[in-house]
Each structure stands twice: as structure tokens, then as C-alpha cells.
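First up is the structure itself, then whatever we jot down about it.
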Ligand SMILES: C[S@@+](CC[C@H](N)C(=O)[O-])C[C@H]1O[C@@H](n2cnc3c(N)ncnc32)[C@H](O)[C@@H]1O
């Protein structure tokens, strides 16, 4: 075996190299195979193909493990869904973050649909016909490229600006990085030598502002940053152990959503796909169907995206409260909602907030992080929301768990739509409308 043969790299990591044939998709972007009777979840593969793969579990636990996890190192008989990767630097022994770059885009959406339906079925969610579910592309997203408006680069000890591998601290070259928005690619960060002490770089491409570059490093000196010409008018920030420092520009950026303009922290959460904020804002506004005078909570509200979108429908006689756990984001939400009568922002844990609101509310939109809402919050909402819940989820496994709780507490699914807002990855966004059964 030659020194540069991927299988020699595999053997250096310690796991056995096996030959398997995959079948159906599993969660987390993997595909199911069997090896000597044991289930193996294979990453970097596609449905129904034969690959050599290296097992990545701790060698000490392999004998007793019920299943193994493995990553593809060579394709022997390709799947009909396999295409030349849109990002050759991604995958096994390369950058993470594009684990389906080698699967045809329509097939990615078909596979994500199957995984979502399987998760809902396994959680025993029964109030919606799963055959009606179909992952939809974002509007005008023909190739799934150039969508990522937030990218984290990693910097290795030699100053190479690249990206981390999957489950790895190793930094790999990024090449063309085709998922990044053009404004991020134009910054040309991989050709730049960052100041000593830089551990990571966040690049942000807002829809209504110059890009932002945030250099991250415990001991990084803001005075050591030399801004290259390729960054144009970019905001430049340093995040070190003492806090966030503005080198040039501002620590916030402006994002446009339809007619709205919102202020967002350059280091804070914002929907990543270039079309996501507008699309989700439109879908949530339509699904929530707020009427004048309604009371509404926007839980896990970030900087107030959904509250700003639905606030005018509730009007001055209504009440829309955006509830956000992060203090900085909550402060920006208050700023973004200041001009909308009846809308306001609170900084609070979502479940704490709902527990304190004994009077209940007409409608709720919630958009939790991947961990989902969880049992306590779902039970509180099932009790305190009078008419409608719209659940926006970026993690179908926790969504399925939470929907099952809602059904057990007397709610049913009125509508469910899923969107491919993370093309060339296994992730997807789902929006569910719940009503009392
Ligand atoms: C997926 S983001 C959604 C933000 C917003 N809806 C948007 O679309 O821009 C989830 C948000 O929940 C916040 N968060 C996380 N845990 C929370 C909690 N326990 N209570 C309230 N907010 C929380 C995060 O800070 C983050 O802003």
C-alpha cells in the first residue's frame, strides 16, 4: 500500500478498514450497512453502494459495540445518486460541513425527506400524512452553491487558514469553498496570513452591509491586525479573552428581510442561508395567521426576526413578545422592535418565561436550537397556548420527539413543510403548524 493511499491514513488512525454495501439513509448524514452481522453507519457514502470504510470508534470498545461508525475512504461500486463532488476538499480526510457534496442535489432532498418521515414515524407522530412531506428547495436555489452567509475558518499552528475536518481538530485547506457566499470568497481569507494567536476567523456576509471579519484568539492583540486590501470596507473585529474589540467599522451588521432592516451582532446568530430569513419570515407569518389584537410569543427569538415580521399584524391592540436567552441578542431585539407598536423583547430562558405567564397566549412561534424545545416547554405550551403553535426546527430528531409530546397533550399537526436551507449537507429546516385536536 503506497504511503499516500487513503487506506494507509486510515490504518494510522487505528480503526479497521472494512468493505461494506450501504442501504438506506440513517440520521446524521450517514447510510446503513452491515459488517459480519453488525450495523455500521457509514459517512461519506450514498444509498446502495459498495465502499471501503474505516471504522472510527474507539478500538477498545469495538468488540462489545452494538454498532460501528465508519467513514468512506474508497468507492468500489458507486450509488446511482453519486456525482463528482461539488467540493473536492470536503469529506473524509478533508473539511467537514458538506457531507453530501458527492450526492446529486435532487437525491439529497429525496434522502432528507425519507429521513424526516422515518424520524416522525419512529417517534409515533400520527396526525399528519407523511407521504405529503417533501423537502423543498429555497426559492431560486438551483445549484445549492454560494448560500452560506456565515463561515467559520480555523487557523492551524503554522498560520494556515482552512477549515476543520469532521470530528477533528486538524485544519485542512478549503480550496474554492463553493458553499460560501461570494462576498466571503472575495475576502480571500485562505491566502491571508493572520496575526499570531489567531485560532479561528468568522466571516459574515450580511444582506445590507459590508462583510464582517471576526478574528478569534485568547491572547490576540487587536493592534496587531493589518487589514488587507481584499477586505474592502469590511467590519473588522477581534474576540479575545477580554471581550470583543472593534478594529474597524461596527460590532453589528444590517440584514434586510423584505421591507425590514434588522441589526444583528456580527458574532451572534442569524439564519445562514442567504434566502432563509426572508423565506422563514414569510412562512411563519402565513402559518401563524396573526389577527389584530392577538397576543403572541416569539420564543428563542434571536434579534426579533419573527416578532418584527408578525408585529404589524397584531397591531397596537395586540402584544408580540420576543423571548431570547442571549443578553446581547435580546438587547438588539429590543432595538429592532422599538418602532413596532405592541412588540417588545425580553431576555429570558424560554421555559422560565412561559412558566411565569399564567394567563397564557393566543399564538406562539418557537425556533429552538438543535436540542429542541424539550418536554417541559412542550407541556407548558400545550397547556398555555390557546390557538396555534408554529414550530421552526433545524433538527428533525428533536422535532419528532417534541411533536409526539404535543400530540399526546391534545394537539395535532395542521401543516408540515421542510426546506433545504443547508444544501450539500444532511441538515434541513422544518416548519410545523400545530392546532388543538
Ligand atoms: C435557531 S436560533 C433562532 C433565532 C431567531 N428565531 C431567528 O430566526 O433569527 C435559536 C435562538 O435561541 C436562543 N436560545 C438558546 N437557548 C435558549 C433558551 N433556553 N431560552 C431562550 N433562548 C434560547 C439562542 O441564543 C438563539 O438566538
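The values are calculated or read from the model by the stated rules, or taken from the named source; none is laboratory data. What you are looking at is a predicted structure, and each value in this text was computed from that prediction instead of being measured. Cβ coordinates were reconstructed from backbone atoms using ideal geometry, including for glycine residues, and neighbour counts include every protein chain displayed.
The residue that is surrounded by the most Cβ atoms within 10 Å (Cβ to Cβ), among those in the stretch 198-216 that are farther than 18 Å from residue 263 by Cα and in contact (Cβ under 8 Å) with a residue 40 or more places away in the chain, is 198. Residues in the stretch 118-132 that are on the phi < 0 side of the Ramachandran plot and either in contact with a strand residue (DSSP E or B) (Cβ under 6 Å, 6 or more places away or on another chain) or surrounded by fewer than 18 Cβ atoms within 10 Å (Cβ to Cβ) (or both): 118, 121, 122, 126, 127, 128, 129, 130, 131, 132. Quick one: which of 324, 319 is within 18 Å of residue 386 (Cβ to Cβ) and either in contact with a strand residue (DSSP E or B) (Cβ under 8 Å, 6 or more places away or on another chain) or more than 15 Å from the ligand (Cβ to nearest atom) (or both)? Answer to the selection: 319.
Where in the stretch 340-420 are the strands (runs of 3 or more DSSP E), entirely inside, with at least 3 residues that are touching a strand residue (DSSP E or B) at 6+ places or on another chain (Cβ under 8 Å), at pLDDT below 95 and more than 16 Å from the ligand (Cβ to nearest atom)? In the stretch 340-420, there are no strands (runs of 3 or more DSSP E) which contain 3 or more residues that are touching a strand residue (DSSP E or B) at 6+ places or on another chain (Cβ under 8 Å), at pLDDT below 95 and more than 16 Å from the ligand (Cβ to nearest atom).
A single entry from 249, 281 fulfils the requirement of being crowded, with 18+ Cβ neighbours inside 10 Å and more than 14 Å from the ligand (Cβ to nearest atom): 249.
Exactly one residue out of 189, 237 is under 24 Å from the mean Cα position of the chain (by Cα) and under 28 Å from residue 87 (Cα atoms), and it is 189.
For the stretch 341-360, the tally of residues that are touching a helix residue (DSSP H, G or I) at 6+ places or on another chain (Cβ under 7 Å), closer than 20 Å to residue 281 by Cβ and surrounded by fewer than 20 Cβ atoms within 10 Å (Cβ to Cβ) stands at 1.
The residues of the stretch 252-271 that are in a loop (DSSP other than H, G, I, E, B) and closer than 26 Å to residue 370 by Cβ, listed by number, are 266, 267, 268, 269, 270, 271. Taking the stretch 284-309 as the range and being part of a helix (DSSP H, G or I) and either away from the ligand (no atom under 12 Å from the Cβ) or not assigned by TED's automatic domain parsing to the domain that holds residue 385 (or both) as the test, the residues that pass are 285, 286, 287, 288.
From the list 60, 107, which residue is touching a residue at least 40 places away in the same chain (Cβ under 8 Å), assigned to a helix (DSSP H, G or I) and surrounded by fewer than 19 Cβ atoms within 10 Å (Cβ to Cβ)?
Answer to the check: 107.
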